[in-house]
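Accompanying notes for the structure given below.
Each reported figure results from applying straightforward, stated rules to the coordinates on display, with no laboratory input. The model shown is predicted, which means the values in this text are computed figures rather than measured ones. FYI the Cβ positions are ideal-geometry reconstructions off the backbone, even for glycines, and counts take in every protein chain you see.
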Amino acid sequence: MYAMALRKIGAPLVFEEMPDPIPGPGEVRVRIEACGVCRTDLHVVDGELPDPKLPIIPGHEIVGRIDALGPGVEGFQVGARVGIPWLGHTCGVCPYCASGRENLCDRPLFTGYTRNGGYATHAIADARFAFPLSEQGSAAALAPLLCAGLIGWRSLGFAGPGKILGLYGFGAAAHIVAQVARKQGRTVFAFTRPGDVGAQTFAMRLGAAWAGGSNEKPPEPLDAAIIYAPVGDLVPMALANLRKGGVVVCAGIHMSDIPRFPYRILWEERQIVSVANLTRQDGIDFLGFVAREGVETSTKAYPLEQANEALADLRAGRLEGAAVLLPPKI
């Protein structure tokens, strides 16, 4: 197999040929057709997430087909199309798993962080965390759904039923969530980097009722705000735009420090909550919604060998939607 591997934090990924992995008990091997490039990958590569398993193959928005089954795997056949998400394994016995909160498992494994991921031609996955996918849609179009879509779906649930929704950072997740929110009958206001006319135009094209800089006031107060940009300064900005009883959802796995802010913008039962990982039920619910309602993803494809360029474009904010890596056919 071929892969782009991270061998040293902060260093470029290295294109390597490796032995084909063999699936163990309860595992499947997936021949990868596409892997999305997620901001979490940047956090791994740049060392903002602690203690990655080095060397590691990043990537956790994997779409491909099973080409080998490990012992004991049931319910899958060779050739089945599947998606592999960020949460790659849970212990199943800790208090969080036992109470239906496997996203908070005490002994998890994460795809592309503590187990090898999808910047490769093949990947091994725990069969329990492989989502069956239909034949509808290209692999490149489906890949961003496996994290940007899933964490967006979970964050939308934490935002509650409010009708006026603010999205801070209009990238891979927000461009999916904006469509879902509109299909739910919500009004979407999009907040971008100040002066980013391109992102604001993109947001309006996807149904936002208003788009402006994160330093601007929306046309009316928000029932909820979801922050996808990893910028702590946005938390008090979003709080200041909330109605009484509103909620700010911090949807990233990493964020810069949140600055001090006056209590008065939190008072009146406003809340700040964070979202961590996902559950398999999130995947079932979200992918079912997409199958029924339809969601379009905007993607830019890169050959696998250009993973470093894709990460650089994401880091610099040069993408509209999501980057997707396409491995060579071998």
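Odds and ends about this structure:
- Cα centroid separation - the range 29-70 against the range 126-166, whole Å: 17 Å
- For the range 149-274, the spherically averaged projection of the C-alpha convex hull amounts to 6.7 nm².
- Cβ-based net charge around Glu309, under 14 Å, with every Lys or Arg adding one and every Asp or Glu removing one: 0
- Considering only Leu304, Val37, Ala238, the residue lying farthest towards the positive end of the dipole of the chain is Ala238, judged by Cα position with unit charges set on Cβ.
- Coarse-grained scattering of the chain at q = 0.10, 0.12 Å⁻¹, given as base-10 log I(q)/I(0) from a Debye sum over alpha-carbon atoms: -0.55, -0.80
- Considering only alpha-carbon pairs that sit under 8 angstrom and 6 or more positions apart, the relative contact order computed for the range 76-202 is 20 percent.
- Label-to-label distance, Glu305 versus Lys329, with points set 7 angstrom from Cα along the beta-carbon direction: 1.7 nm.
- The chain: relative contact order in percent, alpha carbon pairs under 8 Å with at least 6 residues between: 19 percent
- If a spin label sat at a point 7 angstrom from the Cα of Thr201 along the line to its beta carbon, the backbone N atoms of the range 294-330 nearer than 18 Å would be those of 298-300, 317-322.
- Centroid-to-centroid separation of the range 266-312 and the range 99-113 [C-alpha atoms, Å]: 17 Å
- Fewest neighbouring Cβ atoms within 10 Å first, the residues Asp51, Asp106, Asp233, Asp282 line up as Asp51, Asp106, Asp233, Asp282.
- Under-30-angstrom lysine pairs by C-alpha in the chain, whenever the two are 8 or more apart or on separate chains: 13
- Look at Glu27, Glu61 and count the other Cβ atoms within 10 Å of each Cβ; fewest to most, that gives Glu27, Glu61.
- Compared with the alpha-carbon gap, the fully stretched path from Ser256 to Leu54 is longer by 70.3 nm at 0.36 nm per residue.
- With neighbours defined as other Cβ atoms within 10 Å of a residue's Cβ, the residues Glu16, Glu33, Glu102, Glu135 order from fewest to most as Glu135, Glu16, Glu33, Glu102.
- Percent RCO, i.e. relative contact order, over the range 149-274, from Cα pairs under 8 Å lying at least 6 residues apart: 24 percent
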